[in-house]
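The values are calculated or read from the model by the stated rules, or taken from the named source; none is laboratory data. Here the structure is a predicted model, which means the values were calculated and not measured. All Cβ positions, glycine included, derive from the backbone under ideal geometry; neighbour counts span all protein chains shown.
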Amino acid sequence: MEPAHNKAGAKPGFEEYDYSNFYYGAGDDPLNLLTPFARWWRDAVPNGYYLYQEALEDAPTTHVRVRNGKTKQVQDLLNLASYNYLGISYRPEVKQAAIEAVEKYGLGASGSPILSGTFGIHERFAEELAAFKGKEATIIFPTGYSANVGFISALMRSGDTVFLDQYSHASIVDGAILAKSKTVFFRHNNPLDLERKMARVKGKKLVVVEGVYSMDGDVCTLPEILEVTKRHGARMLIDEAHSTFLFGPNGRGVAEHYGLDKEVDFHLGTFSKSLGGQGGFVCGSQDLIDYVVAFSRSRFFSCNLSPVLVAGLRAGLQIASEEPELRAKLWSNVAFLRRRFEEEGVDIGKSNSQVMPVMVNNDAKVFAVAEKIQDRGLFLNPVTYPAVPKHKSRLRISVSAAHSEEDLEKAVGIIAGVLREEDICR
């Protein structure tokens, strides 16, 4: 695809295009896509896209050294971009567990879980995680992405229907695609729209929601959506990637937060957020897990998680289970930041979690805003279409229990100052 020329005959600026404009290309050669993309990319990188994939030079703590994508200089920045919600990934006991594991096991699993890649440490971790979630069994996946893809495609088939919130993560959408099921999107957090759409469908049905939606930071309206799901004889999967270990009296997630832990059929989560590692999981009955082991292609044909990583995750799970004060500190930080943003007139949308979008709502301006914020000492990432709707661009904050109020006050000062200069907040 060649970028169109405007009426004056000049090519438009990079800001008039994004990744979605280069999804399809002309001609019979797949590589025809490369030339127009490369032309656009040469302008896009120095004008803001360099803010993606900037390399961190040390652990993702509350302060981090980042190699600037434009200047190539390393900056010391306050970090509000990492998912390390409980500050667990760099805890001494987590690192020590991984060090001891690498001495015992070496680097990786060197096999798929169905063949030579399952170690005793995998089995023990799965049992501990099932106990934490209050379920019979757990299946562990290499990533959170593969957990959604593998579980949905293991359970659903051609002719079945998967109902997805319109803001569903790409891994949920891809799981339905791999299953070859009919995919029906309902309006975000809208049980009435789900009701209308489910009333038209017969056969096997699965409703998939997220505990916390990762771009808007709002919590699922689970009680109302679950009621519709059950009334139509469907099953429900809740993806608790951004809510497991954080919500509920025991940290089991949003389903526990609502007192619906036993009502939701399938519980999915990740280890890359609150536990600061990598991987995904699904909890449920033993019969369910045995079936998913047999039919989940994304796990069946992948190398298993490294035992070194699993050792660190086990230590992290113990911390999350035994230190509820971490959750208390996180929610105290969230309340502090919400109050200060409200006082400063900073729009964080409908967020009611530790994920907060700083709404810019200007696709052409978001990169300049992000650049100014980083130059003043704060590491945040811009998010634009197609990750979010057109003209809903934002910067996304991830609050951690490890942040101090001084950290958060500094962040508010930087963000509010830049937004005022750009006439984005009062």
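Data for the structure
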| item | result |
| --- | --- |
| Count of the range 346-405 residues which are more than 20 Å from Ala241 (Cβ to Cβ) and among the polar types (S, T, N, Q) | 6 |
| Residues within the range 180-207 that are in a strand (DSSP E or B) and of a type in the set (Ser, Thr, Tyr), tallied | 1 |
| Residue within the range 413-423 that is within 27 Å of Tyr23 (Cα to Cα), touching a strand residue (DSSP E or B) at 6+ places or on another chain (Cβ under 9 Å) and among the hydrophobic types (A, V, I, L, M, F, W, C) present | no |
| Candidate set: the range 90-129, residues that are assigned to a helix (DSSP H, G or I) and aromatic (Phe, Trp, Tyr); chosen: the one farthest from Glu322 (Cα to Cα) | Tyr105 |
| Residue in the range 232-242 that is on the phi > 0 side of the Ramachandran plot, in contact with a strand residue (DSSP E or B) (Cβ under 8 Å, 6 or more places away or on another chain) and in contact (Cβ under 8 Å) with a residue 24 or more places away in the chain present | yes |
| Breaking point among (1) in contact with a Leu (Cβ under 7 Å, 6 or more places away or on another chain); (2) among the small types (Gly, Ala, Ser); (3) crowded, with 21+ Cβ neighbours inside 10 Å, for Ser353 | (1) |
| Restricting the range 208-225 to residues that are of a type in the set (A, V, I, L, M) and part of a strand (DSSP E or B), the residue that is nearest to the chain's Cα centre (by Cα) | Val212 |
| Test: residue in the range 242-262 that is more than 26 Å from Glu93 (Cα to Cα), in contact with a Lys or Arg (Cβ under 8 Å, 6 or more places away or on another chain) and either at pLDDT below 95 or not hydroxyl-bearing (Ser, Thr, Tyr) (or both) | yes |
| Which numbered condition Pro389 fails, given (1) over 27 Å from Leu56 (Cβ atoms); (2) part of a helix (DSSP H, G or I); (3) without any contact (Cβ under 8 Å) to a residue 40 or more places away in the chain | (2) |
| Which numbered condition Phe125 misses (of (1) assigned by TED's automatic domain parsing to the domain that holds Lys204; (2) touching a His at 6+ places or on another chain (Cβ under 9 Å); (3) closer than 15 Å to Thr270 by Cα) | (2) |
| Only one of Gly279, Gly284 that is buried (at least 22 other Cβ atoms within 10 Å of the Cβ) and closer than 30 Å to Val102 by Cβ | Gly279 |
| Unique match (being buried (at least 21 other Cβ atoms within 10 Å of the Cβ), hydroxyl-bearing (Ser, Thr, Tyr), touching a residue at least 24 places away in the same chain (Cβ under 8 Å) and not assigned by TED's automatic domain parsing to the domain that holds Gln354) among Thr138, Thr143 | Thr138 |
| Leading residue by the ranking (surrounded by the fewest Cβ atoms within 10 Å (Cβ to Cβ)) among those in the range 165-182 that are over 17 Å from the mean Cα position of the chain (by Cα) and within 14 Å of Leu237 (Cβ to Cβ) | Ala179 |
| Qualifying positions in the range 360-393 - aliphatic (A, V, I, L, M), under 18 Å from the mean Cα position of the chain (by Cα) and closer than 17 Å to Ser20 by Cα | Val383, Ala387, Val388 |
| Tally, over the range 20-51, of residues that are farther than 17 Å from Phe367 by Cα and of a type in the set (Phe, Trp, Tyr) | 4 |
| Filter pass, Gly316 being of a type in the set (Gly, Ala, Ser), touching a Leu at 6+ places or on another chain (Cβ under 9 Å) and crowded, with 21+ Cβ neighbours inside 10 Å | yes |
| For Ile415: the one exception among (1) buried (at least 18 other Cβ atoms within 10 Å of the Cβ); (2) within 24 Å of the chain's Cα centre (by Cα); (3) assigned to a loop (DSSP other than H, G, I, E, B) | (3) |
| Selection within the range 331-375 - in a loop (DSSP other than H, G, I, E, B) and under 24 Å from Asp43 (Cα atoms) | Val360, Asn361, Asn362, Asp363, Ala364, Lys365 |
| Candidate set: the range 243-283, residues that are outside any loop (DSSP other than H, G, I, E, B) and among the hydrophobic types (A, V, I, L, M, F, W, C); chosen: the one farthest from Leu222 (Cα to Cα) | Phe281 |
